[in-house]
Amino acid sequence: MSAPILWIVLPFGIGVLILFLLRDRFSAWIGGGTAAILSLIALIFPIDTALLVGSISVKIAPAIQFFGRSFELNTADGPLLAAFYGLAAFWFFGTEASGTANRFVSLGLMIVSLLTASIAVEPFLYAALLLMTAAMLVIPLLVRSYQKPGKGVVRFLIYQTMAMPFILFSGWMLAGVEGSPGNLTATTQAGTMLGLGFAFLFAVFPLYNWIPMLMEESSPYATGFLLWALPTFTAIFALGFLDRYTWLRTTPQLANAILFSGIFMIASGGFFAALQRHLGRILAYAAIAEVGLLLVAMGLRSSEFVEITFLTLIPRGLELTVWALALSIFKREAYSLRFSDVQGLAKKYPAATIALSLAHLSMAGFPLLAGFPPRLALWTELAAQSLTLSLWVIIGMAGLLAAAIRTIAVLVMTDLETKWSLTETWVQTAMLGVGVIGLFILGMFPQAMQPFLASLPTLFEHLGQ
Amino acid sequence: MSVEIISWVAAGLILIAATTILISADWRISLAALAIQYLAAFWLVTRHLPLAMGTVKLIAGWMVVAILGMTRLGLSELDKEEMDTFFPRGIWFRIVLMGVVTLVTAGAAPQIEESIPGMGIPVIAGGILLIGAGVVHLGVTSSILRVTLGLLTLLAGFEILYAAIESAILVTGLLAVVNLGLGILGAYLLVAGSSPLETEEEL
């Protein structure tokens, strides 16, 4: 068995089977179980290393050839696969609680396998095509067959499609720049192309307008999945670029551009989140601020920046899952998720309210929660570089905190006569409970992430060394 | 020499087809123009790629045209009216925009040929024209069908240029998948909202 077959072909095939053969009832368990098993295999069996299981020698081969190109997953990819498939399992099990149909699990598995293929493909540049294909598979999750497509989904499709040519061209131009580093014109052109490509992929200001729109018009759970999966792999793809091309790593202007884009996204995301009166839009702006944090981490001129980037990526997945799940529970009661419609729901949905509040506070960098350790690490490095920029990050986080306080206030705002009741199902309560426990564990014992974080930087040959 | 002439004819066809897609109110004419556009793009792509790989792009393109045509044909009268209200509006504005794209192409193509020798001016011109037309199209419409046509036009232009610098089979295959995927998505988004609720959960 080779690693690409195990973590790319197999989940894709199971996704196709679930789509055509299974009903909603079993899809969450089969999809979630598949992702959980793949996560465990990645954690237990190192790729390309022979292991003796009883009397049987097991070795997962690292590569396969496909149309003359190689798909390769190495030993260093193991922890990434374990973390990614583990979080994917949580998303898929969550579909049972969120009430989303089997289409989510089947398409989700296909998306996850395509995103895995994007880190495996050689030359790595082709990842842009796989990211685009994954983005296209997200659309049926966002727009159900009975629903008119809104502006958000159309913009999302346009921006993702426009990103791909920019990145593919820039990759070709960068190879030329490596050959003649003194050619300033070519360097500027390649840098601009690359910047535009990633601006579309990361939804950098002002290209993030589709995210709040999508949160209003689509299922919060599907949109949350999109906001988790695509930026995660885009970040790894971007780190691949920095690793591969020396001049990208060493150009201070580029690092500044990434840093300032991130700061702008955090500050604007936090500011706009504080002004929203719609729970979905608040999540959208919080997710934008989170992507900003990723960009700031990547733009740091520090040897620790790869570790900080990965430290930001792992809790982000958990926060978004819990938040999106809580929102989808509210959405069944109050379709629009406007403040006026969700007012006082805390007494009816206490578990969802607590989970949503904690996920939100975690994203705002509240101590003891999963989001705090990465933000602390980021602030420490950023403050050493620029106090002004640190202040802007704090302003953004303060905006998210204000939004959290407003959300909690609205959810608990009800008359005294209303009695407390636990309306959530046991599956919903259990999923939210597991998520909340995870938020606390990652916040209080961040060393729990150490097995993943220790070897993730070895994914990159030159970065952080 | 004859190859060069045919390449220029292909570039001219691209200009006409892209302008037609942009200004035509009738979806049938737009899709026919898209099919012609793919034929011209096929010729320009085969300047740098083997015939078989160029054929993959042509077939994928025509399949997209067929998918979109069949879907559009099946839509109800109400849906058609709703979609057609956008056209015809500002035809001259669109023609002027295409004029600007043509001027930019005329200015940029020789310069690109200078920095990447061997691509061929008709190939570059065809590619830039389609990218420009695609961007213009995306800028002036919000109709699902028109947006899909704009994205396909933009991608076709990119493929012409990219074929000159990258000839991997995997890339050709994935680009064909992306084209087909865009066509299928366009068709899905066109019919979304017009089908009744089916499953228990949807109800």
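Quick note: the coordinates plus some simple rules give every number you see, no bench work behind them. Fair warning: this is a prediction, and the values are worked out from it, not measured in the lab. Using ideal geometry, Cβ is built from the backbone for each residue, glycine included, and neighbour counts are taken over all protein chains shown.
In this structure, A:Gly86 does not qualify as away from chain B (no Cβ under 14 Å), over 21 Å from A:Thr232 (Cα atoms) and within 22 Å of the chain's Cα centre (by Cα).
So that you can scan it fast, the table gives a plain yes or no per residue for (1) farther than 14 Å from A:Ala163 by Cβ; (2) in contact with a Leu (Cβ under 6 Å, 6 or more places away or on another chain):
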residue: A:Leu196; (1), (2): no, no
residue: A:Phe202; (1), (2): no, no
residue: A:Pro206; (1), (2): yes, no
residue: A:Thr232; (1), (2): yes, yes
residue: A:Pro252; (1), (2): yes, no
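Assess whether B:Leu51 counts as being surrounded by fewer than 23 Cβ atoms within 10 Å (Cβ to Cβ), farther than 26 Å from B:Ile91 by Cβ and more than 14 Å from the chain's Cα centre (by Cα). So B:Leu51 fits the description; yes. For the range A:161-177, the count of residues that are farther than 30 Å from B:Ala168 by Cβ, assigned to a helix (DSSP H, G or I) and within 14 Å of another protein chain (Cβ to nearest Cβ) is zero. Counting only residues that are touching a residue at least 12 places away in the same chain (Cβ under 8 Å) and assigned to a helix (DSSP H, G or I), the range A:341-369 holds 18 of them. Checked against the criterion of being hydrophobic (A, V, I, L, M, F, W, C) and under 30 Å from A:Ile329 (Cβ atoms), the candidates A:Ile266, A:Ile236 yield just one match: A:Ile266.
A Cβ distance below 9 Å, combined with a sequence gap of six or more or placement on separate chains, defines the contacts here; from the range B:109-126, residues that are at negative phi and in contact (Cβ under 8 Å) with a residue 12 or more places away in the chain reach residues that are assigned to a helix (DSSP H, G or I) and aromatic (Phe, Trp, Tyr) in the pairs B:Ile121/B:Trp8; B:Pro122/B:Trp8; B:Ala125/B:Trp8; B:Gly126/B:Trp43.
Listed here are the residues, each with its yes/no results for (1) among the basic types (Lys, Arg); (2) in a helix (DSSP H, G or I); (3) closer than 30 Å to A:Leu174 by Cβ.
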{"residue": "A:Thr75", "(1), (2), (3)": "no, no, yes"}
{"residue": "A:Pro79", "(1), (2), (3)": "no, yes, yes"}
{"residue": "A:Tyr85", "(1), (2), (3)": "no, yes, no"}
{"residue": "A:Thr95", "(1), (2), (3)": "no, yes, no"}
{"residue": "A:Leu109", "(1), (2), (3)": "no, yes, no"}
{"residue": "A:Leu115", "(1), (2), (3)": "no, yes, yes"}
{"residue": "A:Tyr126", "(1), (2), (3)": "no, yes, yes"}
{"residue": "A:Leu129", "(1), (2), (3)": "no, yes, yes"}
{"residue": "A:Met136", "(1), (2), (3)": "no, yes, yes"}
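A:Leu157 meets the conditions (1) within 9 Å of chain B (Cβ to nearest Cβ); (2) more than 19 Å from B:Leu175 (Cβ to Cβ); (3) assigned to a helix (DSSP H, G or I) in every case but one. The failed one is (2).
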